[in-house]
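Throughout, read-outs are computed from the coordinates displayed, never taken from laboratory work. The shown structure was predicted, so the numbers you read here are calculated from the model rather than taken from an experiment. All Cβ positions, glycine included, derive from the backbone under ideal geometry; neighbour counts span all protein chains shown.
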Amino acid sequence: MPSATTITAATMAHCSSSTSSLYPKLLSNSTFRTKCTPIPRLFTISANSSIHSTHFCSVSHSATYRRSLRRIPVVSGTLTVESTTLYSDEKDGKKLLLEVKDLTAVIAESKQKILNGVNLTVYEGEVHAIMGKNGSGKSTFSKVLVGHPDYEVTGGTMIFKGQNLLEMDPEERSLSGMFMSFQSPVAIPGVSNADFLNMAYNARQKKLGLPELGPIEFFSHVYSKLDLVNMKMDFLNRNVNEGFSGGERKRNEILQLAVLGADLAILDEIDSGLDVDALQDVAKAVNGLLTPNNSVLMITHYQRLLDYIKPAYIHIMENGKIVKTGDISLASVLEKEGYKGITTA
Amino acid sequence: MSASTLTPNLLQTVSTQFYSLSQFPTPSTSRISFNRKSKHPISSKSASILTLNAALSDPFVLQIAETFEDSLSSSSSSTPLPLQKLRDSSSESLLSLSWPTRKDEPFRFTDTSFIKSSEIQPITNPPQDSDIACISSDIHLPNLTIVDGYIVDSLSGLSGLPEGVYVGSLAKLTSEGIVKRVSEFVSNFEGDLFWSLNGVGAPDLIVVYVPEGCRVDGPLHLRYCSVRGSDSGSKTLPVSNPRVLVLVEKGGEVSIVEEFVGGDGDKCYWTNAVLEVIIGEGATFSHSYVQTQSLGAAHIKWTSIRQESASTYKLVEFSSGGKLSRHNLHVQQVGSDTVTELSTLHLSIKDQTQDLHSSLVLDHPRGYTNQLHKCIVAHPRGQAVFDGNVRVNRYAQQTDAGQLTRSLLLVPQATVNVKPNLQIIADDVKCSHGAAISDLEDDQLFYFQARGIDLETARKALIYSFGAEVIDRIPFAYVREKVKKDIVELLLEPATVKSVV
């Protein structure tokens, strides 16, 4: 149904470009957001013996006023960094892209400490990999970088292209050239992949002061990128990640990266749940997107990804800190001796 | 854990009905009249029933019934037999029915006092030309336009229907065979008060007949318009009682779009509609139901479906209109291997109540049912009600029944009352049900933001997509697009209605 898609997309595009004066009050004032605990309840009754049962589920719900989870990150300590000078920092003629200093963060809900002073510097055109045990804080770090609301930054700094990330909303971080591919991207029923990409693409175009693309023009723009991730056309008409296999989800993330572009791509376990063929496809796509100016930060458990995408630096994370940094040889040590071999070394 | 312990209300209702039936067995030939001036004298038998029932009868209900009867006695000279049968049986059941209160389980969350406190005025005559001047003649064919319960031929167009298919008034039906079939089924089902009130007040019985093995391409569009209404605050409530009976014979196939419209803004009226559908063996009935009546209106709708073996019923509903909107949906399986798919979306964007009471009764093996109900409440005094009952009775083995309800509450104080319930007696079945009530998912919002899309746009897209899951199931593009446009206008862009699409 191409016509249906077209109109939906047009509607979406319209939504994104206009602001209504009434609407924000009604629906989206963030301090007024109702946060009702979702009650997902799915009973499955599959009975072979005689069962006489009745299930009543009666939920009487009056929404109550509750503060939004979306918090503005709290920065403790003072920021006296002159950002422009930082950005002009160069190493071998390469500009500094990301500088993270002494970053600490807690889980917003439980206040449990999860990052204990992360330091990381990424220059243009570099490929970095972060490895570490389960629960060492790798994924948390990537989420904190893009502003995930589940985490609260309690200290340290994050400067990206000379801008203080802590002062930026997640969408601003994205628009400034940072892209995170999610480990397990959420499904969005009812929103087609094409519409979603179009919205994201237009948001970027708007930010850059470039013309936004209508659904049809956009379609041809995306079409050229599909080959890159080895996907068929109908991929675009499907709802975002809905019913996608693990491999399709990852390919979709890379497709988004290809369409939106990024100065820094953070790939959170892009290899998990992929078979060899899919991994090669994904790695090929990522390599195809690498230029001398953009950088990649990979988060992974396994060396096999590093066989396809070669990092210049490997960082080992433990207890919310980067405990060791080295070159590719670190990965082979890891493969042989496990994390013990590295952290005790 | 037996069914009886957990469903006292239901059993009570059943037993009361039984009581009233056993107490007052009435031969179907007798006629009850609420109207003392009636041409037909009350037979001694029915008079005695009236007395017997006096204690149980609700004077308010009898009064409405009487005004309905008055309104019809002047207009109808020769009533076709099935319609007469309908009126008689409806009159009879009204004697033991009272106006619902919040103490009655089916109306626990639905306040009908707004109707009760108004002066109910039946619409006694077909609409005049001046009334229908405002109705758009831009229609999707084939189309039957029903204004205030009366067919308006000048606004309808029924060309192109296959031979043997009949769409129109029972009074104009010449085929005796079809009349006979219609009388077999008319009012074979016991609804509630509103069902019976419609039976008494319906000026006409509109018949859609699809003969055996006949396949009707493209949808038949039934457009129900309410043109006569009072201004808000005037306390009078013109009421119309459109009634349609659809009979799809063995192997037949038809799609019907029911669209309820009427009145700008806050016009007050009461639409009390009934649709009865008989789906024959192996037949398919696809039903789209769109309700966008005025925000001052009461919209009470009954849909009663009878599914014979291997038949298919698919419903997609979108309801956003009415101050009070109540849809009673009853699906009765009368044969094995049936397929039933119900998808509904209710929008409560103003001070209004949107209510769906559905009941699916499975009595035969290998039925498949799937129900998805969604509602969005975007007003502090807005309310959505859902009571979804699925009964898998003793002989309904190997039933596969799924039910899911999801509600989106967008503002503080918005209310939803949902009661999905399964009653299973058969022992070899697969059933599931679930209920979720939430604001928009944070994870989903964040996914948009992480791709550079601002929160407000993300919220709009998610609200829209929440509804689109149901709307995308409407099989006809023209209906789908209209409904999508409505959602955008109502929910996403209330201030800039004109600029959309």
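What is the helix-to-structure angle for B:8-23, meaning the angle in degrees between its Cα long axis and the longest Cα principal axis of chain B, kept from 0 to 90 and rounded to the nearest 10? Orientation of helix B:8-23: about 10 degrees from the principal axis.
Rg/Rh, computed from the Cα trace of chain B with Rh as the Kirkwood radius, has the value 0.95.
With the simple model of a label 7 Å out from the Cα in the direction of the Cβ, A:Lys91 to B:Glu119 spans 8.7 nm. Three principal axis extents of the stretch B:53-194 based on alpha-carbon atoms, in descending order, are 52, 38, 32 Å.
3J(HN,Hα) along the stretch B:452-459: x, 9, 6, 4, 5, 4, 4, 4 Hz, from the Karplus curve 6.51 cos²θ - 1.76 cosθ + 1.60 with θ = phi - 60°, whole Hz, x for Gly and Pro. For the stretch A:206-269, the square roots of the Cα gyration tensor eigenvalues, ordered a ≥ b ≥ c, give a/c of at least 1.5 with a/b no greater than b/c, which places it in the oblate category.
5 Å is the cut-off here: which amide hydrogens, built 1.01 Å from N in the peptide plane, fall below it relative to B:Trp99, excluding neighbours closer than 5 in sequence? Those lying under 5 Å, H to H, from B:Trp99 are B:Val61. Take the convex hull of the alpha carbons in the stretch A:94-247; its mean projected area over all directions comes to 11.0 nm². Output the pairs from B:Lys350/B:Lys482; A:Lys225/A:Lys250; B:Lys374/B:Lys484; A:Lys111/A:Lys340 with a Cα-Cα distance over 22 Å in this structure; if there are none, say none. Violating the 22 Å limit, Cα to Cα: A:Lys111/A:Lys340. Each residue of the stretch B:176-191 was assigned a 3J(HN,Hα) from its phi angle through the Karplus curve 6.51 cos²θ - 1.76 cosθ + 1.60 (θ = phi - 60°); the sequence is 5, x, 5, 4, 5, 4, 4, 5, 4, 9, 4, 6, 7, 10, 9, x Hz, with glycine and proline shown as x.
Among the residues of A:174-186, the average count of other protein chain beta-carbon atoms within 10 Å of the residue beta-carbon is 3. Between helix B:81-94 and chain B there is an angle of about 80 degrees, using the helix long axis and the longest principal axis of the Cα atoms. Just to be sure I follow the definition: excluding the sites themselves, where is the longest run in chain B that has none of the chymotrypsin sites (Phe, Trp or Tyr not before Pro) in a DSSP loop with at most 15 other Cβ atoms within 10 Å? Value returned for the longest uninterrupted segment is B:190-394. Against chain B, whose longest principal axis is taken from its Cα atoms, helix B:477-487 shows a tilt of about 70°.
Compactness check for the stretch A:262-301: Cα Rg over 2.2 N^0.38 Å is 1.17.
Report the percentage of all Cα-Cα pairs in the stretch B:231-275 whose separation exceeds 16 Å, rounded to a whole percent.
56
Binning all Cα-Cα separations of the stretch B:369-408 at 10 Å, short to long from zero, yields these whole-percent fractions: 24, 39, 23, 11, 3. Every helix of 4 or more DSSP H residues in chain B counts as -39500 (n - 2.57), and over all residues that averages to -7500 deg cm²/dmol at 222 nm.
Rg over Rh for the stretch B:373-501 works out to 1.06, both radii taken from alpha-carbon positions and Rh defined as the Kirkwood radius. Between A:Leu208 and A:Asn293, the simple spin-label model (points 7 angstrom out along Cα→Cβ) gives 1.0 nm.
Among the GluC sites (Glu not before Pro) in the stretch A:102-206, which ones are in a DSSP loop with at most 15 other Cβ atoms within 10 Å of the Cβ? Mind listing them? Sites meeting the loop and neighbour criteria: A:Glu109.
Amide H contacts of B:Leu345 (H built 1.01 Å from N, in plane; Pro and chain starts excluded): B:Glu317, B:Phe318, B:Ser319, B:Lys374 sit under 5 Å, all sequence-distant by 5 or more or on other chains.
Arrange the following residues from fewest to most other Cβ atoms within 10 Å of their Cβ: B:Ser294, B:Ser359, B:Ser113.
Ordered from fewest to most neighbouring Cβ atoms within 10 Å, B:Ser294, B:Ser359, B:Ser113 come out as B:Ser113, B:Ser359, B:Ser294.
The modelled label-to-label distance for the pair B:Val334/B:Lys430, using points 7 Å beyond Cα in the direction of Cβ, is 2.9 nm. Around B:Ser407, which amide H atoms from residues at least 5 apart in sequence, or from another chain, sit under 5 Å from its own amide H, with H modelled in the peptide plane? So B:Ser407 has HN proximity to B:Cys375, B:Ala436, B:Ile437, B:Ser438.
If I take R0 = 45 Å and measure r between the Cβ atoms of B:Arg394 and B:Asp70 in this structure, what FRET efficiency does the formula 1/(1 + (r/R0)^6) give, to the nearest 0.05?
Taking R0 as 45 Å, the efficiency between B:Arg394 and B:Asp70 is 0.45.
Assuming a ≥ b ≥ c are the square roots of the Cα gyration tensor eigenvalues, decide whether the stretch B:440-501 counts as rounded (a/c under 1.5), prolate (otherwise, with a/b larger than b/c) or oblate. Show your work: numbers first, answer last.
Working: a/c = 2.76, a/b = 1.49, b/c = 1.85.
Oblate, since a/c reaches 1.5 and b/c is not below a/b.
In the stretch B:285-375, the inverse of the mean reciprocal separation of distinct Cα atoms equals 13.6 Å; this is its Kirkwood hydrodynamic radius.
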